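Down below is the structure, laid out as structure tokens.
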Amino acid sequence: MKKVAFYTLGCKLNFSETSTLARLMEQQGYERVEFNQQPDIFIINTCSVTDNADKKCRKIVREAQKINPDGYVAIVGCYAQLKPKEISEIPGVDAVLGAAEKFRLHELMPTFVKVPNGQPAQVFNSPIETAIDYHAAYSLNDRTRTFLKVQDGCDYPCAYCTIPLARGKSRSDTVANVVRAAHEIADRDVKEIVLTGVNIGDFGVGSGNSLLHQQPETFLDLIQALDEVTGIERFRISSIEPNLLTDDIIRFVAQSKRFVPHFHVPLQSGSNRVLGLMRRRYKRELYTDRVQKIKQLMPHGCIGVDVIVGHPGETEVEFKETYQFLTELPVSYLHVFTYSERPNTSALTIKPTVPGHIRAERSKMLHILSDKKRRAFYESQVGRDATVLFEEDVTDGFMQGFTENYVRVVAKYDPLLINETLPVHLSVINSDGLMEVSEPEAVLAIH
Ligand code: SF4
């Protein structure tokens with residue numbers, strides 16, 4: 001029995017797909033092992049959002065070669081779709097599979113041959129326009145929470161982004177299929193599902209769906225149906241575009257049984273001129289309106305923000321505008337990305353570009369602001385009761401987990417509490433910035 005190991009770079013969507021590819025390989029009789037357990041086959045699922053992602057892939061190929069020089073190395077994912085030739089010339093790589101081919105990995109694997117040193121790898125890659133099929137996926141056994149793919153690809157023209165070139169047109173599953181998958185996952189004793197995709201607010205309506213669906217379904221239809229899935233205690237929406245985050249969705253989450261009050265909403269810039277340069281589909285006023293709506297209906301709701309610094313054309317004044325905008329907004333934390341030139345994106349034509357050291361300075365300032373926001377949000381939670389889902393990872397005798405509104409909690413390790421959602425009282429923020437908890441009065445009263 002051939003041993004296969006996987007390594008995943010990038011986003012939750014990639015983790016859901018790696019886990020599914022692994023299950024398909026196991027069904028074909030391969031044995032899944034850890035990366036450092038001498039596998040015969042290494043599968044690396046790649047990302048290509050930044051330059052760094054490409055470099056990471058090369059490093060992992062070198063590691064694979066050290067672990068088993070005779071091992072077979074196949075590269076899949078976004079980098080494999082965007083730069084197949086470049087990857088095929090990386091020493092040690094034997095096969096490169098693009099977006100339309102990666103889900104045929106288990107079928108193609110028996111035909112693969114080890115490539116002699118110095119020879120380019122076999123490339124199985126077709127133009128992204130041909131990646132029209134939707135492949136369902138979800139992660140299992142990798143973490144306490146499961147990432148459930150509900151949508152793929154994107155129809156948006158954001159100037160800095162290569163994802164549409166790596167993953168193709170927006171397309172999604174059907175509500176019925178996703179609900180079926182959620183029940184399968186519930187049967188595996190998973191308590192929390194994170195809905196993932198590229199542009200999940202576009203569920204059911206993406207241009208790639210016309211091939212699949214008679215009656216267009218919407219993201220609201222999906223979450224309403226999932227809210228009835230017994231066995232799953234929490235559903236978390238991974239990220240949703242502000243212009244697709246409707247009042248109906250916010251209202252539904254606020255009164256739902258299982259959807260947690262946590263929204264991750266990409267902003268990218270707090271300057272309307274820069275949002276225009278980025279070709280984003282909203283103005284900052286809409287973003288403010290979404291945040292206020294969430295806080296009105298869920299005052300303890302957690303709001304995470306994606307923001308890009310150093311986009312071409314961004315002036316010092318406009319960066320300060322973004323900084324001030326985020327300072328004033330009642331958001332909970334920031335994910336800060338430094339603009340990175342990507343081939344074939346329209347942002348490359350925008351002048352002037354922002355020098356690297358200025359990008360770094362702006363990134364540093366927003367990281368500091370993010371820490372302040374997170375601290376303020378955590379302080380606003382001290383003294384409240386909440387529920388926590390404790391996760392497997394144990395460090396120095398302590399376990400961690402998240403509340404429904406995404407506060408990271410730490411407690412003394414107790415194997416009985418792993419993968420359980422428990423009522424707790426949020427008592428104090430410790431020196432590591434984590435929330436310490438005690439049993440809520442109600443529970444203490446019971447004992
Ligand atoms: S919405 Fe924009 S940033 Fe997001 S994946 Fe689509 S093109 Fe990229």
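Restricting the calculation to alpha carbons of the stretch 23-180 gives Rg and Dmax of 16.1, 49 angstrom. Overall dimensions of the chain, expressed as equivalent-ellipsoid semi-axes from the Cα gyration tensor (√(5λ), whole Å, largest first), are 34, 29, 23.
Taking other residues whose beta carbon is less than 12 angstrom from the beta carbon of residue 220, and scoring Lys, Arg as +1 and Asp, Glu as -1, yields -4. Per residue, the average separation of C-alpha pairs within less than 8 Å and at least 6 apart gives the stretch 271-404 a relative contact order of 23 percent. Accessible surface area normalised per residue over the chain is 44 Å², counting heavy atoms of protein chains with a 1.4 Å rolling probe. Helical runs (DSSP H, four residues minimum) scored at -39500 (n - 2.57) apiece and divided by the length of the chain put the mean residue ellipticity at 222 nm at -9500 deg cm²/dmol.
Could you please report the charge total around residue 51, scoring K, R as +1 and D, E as -1 over all other residues with beta-carbon less than 15 angstrom from its beta-carbon? Net charge in that neighbourhood comes out at +4. Size descriptors for the stretch 385-446, from the alpha-carbon set: Rg then Dmax equal 10.8, 31 Å. Computed from label points 7 Å out along Cα-Cβ, the spacing between residue 113 and residue 297 is 6.0 nm. Mean sequence separation of contacting Cα pairs (under 8 Å, at least six apart), scaled by the length of the chain, corresponds to a relative contact order of 10 percent. Charges on Cβ only, +1 for Lys and Arg, -1 for Asp and Glu, centred on the Cα centroid of the chain; of 245, 350, 199, which one is farthest towards the dipole's positive end? Sorting the options by dipole projection puts first 350. The magnitude of the dipole of the chain, with charges of +1 and -1 set on the Cβ of Lys/Arg and Asp/Glu and taken from the Cα centre, is near 1180 debye. Once Lys and Arg get +1 and Asp and Glu get -1 on their Cβ, which of 84, 185, 170 lies farthest toward the positive end of the dipole of the chain? Result: 84. Summing Cβ point charges (Lys, Arg +1; Asp, Glu -1) relative to the Cα centre of the stretch 200-276 gives a dipole of roughly 280 debye. Of the residues 219, 41, 126, the one whose Cα sits farthest toward the positive end of the charge dipole of the chain, with +1 on the Cβ of Lys and Arg and -1 on the Cβ of Asp and Glu, is 126. Surface composition of the chain: carbon and sulfur atoms hold 53% of the protein heavy-atom accessible area at a 1.4 Å probe. Remark: for residue pairs 59/85; 59/114; 2/102; 55/373, the C-alpha separation exceeds 23 Å in 55/373. Each Lys and Arg Cβ is given +1 and each Asp and Glu Cβ -1; about its Cα centre, the stretch 213-327 then shows a dipole of about 160 debye.
Multiplying the residue separation of residue 155 and residue 285 by 0.36 nm and subtracting their alpha-carbon distance yields 44.5 nm. Near residue 396, once Lys and Arg are set to +1 and Asp and Glu to -1 for all other residues with Cβ below 14 Å from its Cβ, the sum equals -1.
The values are calculated or read from the model by the stated rules, or taken from the named source; none is laboratory data. Values in this document were obtained by computation on a predicted structure and should not be read as measured data. Using ideal geometry, Cβ is built from the backbone for each residue, glycine included, and neighbour counts are taken over all protein chains shown. These accessible areas exclude ligands, DNA and RNA; they are computed on the full protein's heavy atoms, side chains included. Shrake-Rupley method; radii C 1.70, N 1.55, O 1.52, S 1.80 Å.
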